[in-house]
Amino acid sequence: MKRLLALLAGLLLAACAGPQAYQPTGKIEVLWLGQSAFRVTTLTGKVIVIDPWLRTNPKTPAQYKELAALGKVDVVLVTHAHFDHVADAPALAKMNNARLYSPGGLNATLVKLGEMPANLAPGMNKSGVVTPLGPEIKFTMVRAEHSSEFTWKDPATGRETVLPGGEPVGWIIELENGFTIYHMGDTGLFGDMRMIGELYRPDLILIPIGGNFTINAQKAAFATRSYLRPKFAIPMHYGTFPILAGKPEDYVKEIGGAPTKVIVPQPGEKVVF
Ligand SMILES: [Zn+2]
């Protein structure tokens with residue numbers, strides 16, 4: 001009986017602590033740079049940049065328009081091949097001698113074009129897990145519901161060609177202390193968001209709300225409330241162009257009583273966890 005009680009107590013404790021156990025450290029820094037671009041600085045000072053579109057992004061603050069202003073970058077993640085996500089990724093990765101991870105088909109195209117050296121653009125695909133910064137930080141590629149053609153301008157002729165860019169993805173980023181970030185990329189609503197929520201239990205989601213090309217504020221709120229239930233959410237991919245009309249206040253209103261704190265930084269603002 002005693003052993004059974006101890007077992008039950010243990011199970012209860014495990015269920016409560018679970019993979020979601022989040023202790024604020026104040027040392028994990030998330031910097032939004034407009035649209036879907038983020039710089040994440042981890043507990044041990046590793047720097048991860050996601051979807052860097054900076055130099056021509058109207059929402060990126062002037063002080064971050066130069067790629068060197070990001071400081072040292074250890075890894076670059078890209079969700080798909082559209083310019084507002086991949087634009088500065090090859091240049092940033094090469095400048096830092098950092099690996100660039102993007103949908104397999106996009107990395108292959110970047111290497112074939114000579115935009116990326118093969119050693120910095122390894123191949124991977126959905127469900128793949130990579131640990132380029134050591135075993136404590138895991139990057140998992142997950143599904144996104146979007147498109148990913150790559151438009152490339154030939155510098156010799158000035159002609160634009162549309163090339164394969166793989167399939168669009170989102171990124172699950174598990175940090176040293178288990179703090180888990182889900183960068184959703186550009187995505188429509190899909191039912192497997194529930195599976196992603198159950199399997200990875202994100203503490204923080206970076207979620208598009210602009211509509212037209214992605215979920216809007218209402219559908220983003222539905223996904224947050226019903227499928228993902230993270231502790232924190234930062235809306236992205238809105239307001240850059242008039243067509244990205246979703247508003248963070250509508251997202252907050254629609255979420256209602258969900259146990260999610262929505263944080264709405266200005267581009268250039270840092271949030272710590
Ligand atoms: Zn986009």
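The values are calculated or read from the model by the stated rules, or taken from the named source; none is laboratory data. On a predicted model such as this, the values are computed, not experimentally measured, just so you know. Quick reminder, even Gly has a Cβ in these numbers, built from the backbone with ideal geometry, and neighbours come from all protein chains shown. The protein model used for the area step is the full one, side chains on, heavy atoms only, and it has no ligands, DNA or RNA in it. Shrake-Rupley method; radii C 1.70, N 1.55, O 1.52, S 1.80 Å.
Side notes on the structure shown:
- Test for GLU115: is it within 16 Å of the ligand (Cβ to nearest atom), of a type outside the set (Val, Ile, Thr), open to solvent by 40 Å² or more (accessible area, probe 1.4 Å) and modelled with pLDDT of 95 or more: no
- Selected residue (criterion: nearest to the ligand (Cβ to nearest atom)) from residues of segment 197-217 that are under 21 Å from GLN266 (Cα atoms) and open to solvent by 10 Å² or more (accessible area, probe 1.4 Å): THR214
- Meets criteria (open to solvent by 10 Å² or more (accessible area, probe 1.4 Å), within 18 Å of the chain's Cα centre (by Cα) and charged (D, E, K, R)) for GLU167: yes
- Number of positions in segment 100-148 that are in contact (Cβ under 8 Å) with a residue 40 or more places away in the chain and of a type outside the set (A, V, I, L, M): 18
- Residue satisfying condition, being part of a loop (DSSP other than H, G, I, E, B), of a type outside the set (Lys, Arg), within 16 Å of GLN35 (Cβ to Cβ) and in contact (Cβ under 8 Å) with a residue 40 or more places away in the chain, within set GLY246, GLY178, GLY239: GLY239
- Of all residues in segment 67-83, those that are in contact (Cβ under 8 Å) with a residue 60 or more places away in the chain and over 15 Å from THR151 (Cα atoms) have Cβ atoms under 8 Å from Cβ atoms of residues that are away from the ligand (no atom under 16 Å from the Cβ) and basic (Lys, Arg), 6 or more apart or on another chain, in VAL75/LYS46; VAL75/ARG99.
- Beta carbons closer than 7 Å, at least 6 apart along the sequence or on distinct chains, pair a first residue in segment 44-56 that is within 11 Å of GLU29 (Cβ to Cβ) with a second that is of a type in the set (Gly, Ala, Ser) for VAL47/GLY71.
- Whichever residue in segment 18-54 is among the polar types (S, T, N, Q) and modelled with pLDDT under 95 and, among such residues, is most open to solvent (accessible area, probe 1.4 Å): GLN23
- Unmet requirement for ASN96, which otherwise passes all of (1) buried (at least 20 other Cβ atoms within 10 Å of the Cβ); (2) closer than 25 Å to HIS237 by Cα; (3) of a type outside the set (A, V, I, L, M, F, W, C): (2)
- Scanning segment 131-149 for residues that are in a loop (DSSP other than H, G, I, E, B) and on the phi < 0 side of the Ramachandran plot gives THR131, PRO132, LEU133, PRO135, GLU136, ILE137, ALA144, GLU145, HIS146, SER147, SER148, GLU149.
- Taken over segment 185-211, the criterion of being under 18 Å from PRO103 (Cα atoms) and in contact (Cβ under 8 Å) with a residue 60 or more places away in the chain is satisfied by GLY185, ASP186.
- For segment 227-273, a tally of residues being open to solvent by less than 40 Å² (accessible area, probe 1.4 Å) and out of contact with any Asp or Glu (no Cβ under 8 Å at 6 or more places or on another chain) returns 19.
- Scanning segment 170-188 for residues that are within 16 Å of the ligand (Cβ to nearest atom) and surrounded by fewer than 24 Cβ atoms within 10 Å (Cβ to Cβ) yields TRP171, GLY188.
- Selection within segment 56-84 - of a type outside the set (Phe, Trp, Tyr) and within 16 Å of the ligand (Cβ to nearest atom): THR56, ASN57, PRO58, LYS59, THR60, LEU77, VAL78, THR79, HIS80, ALA81, HIS82, ASP84
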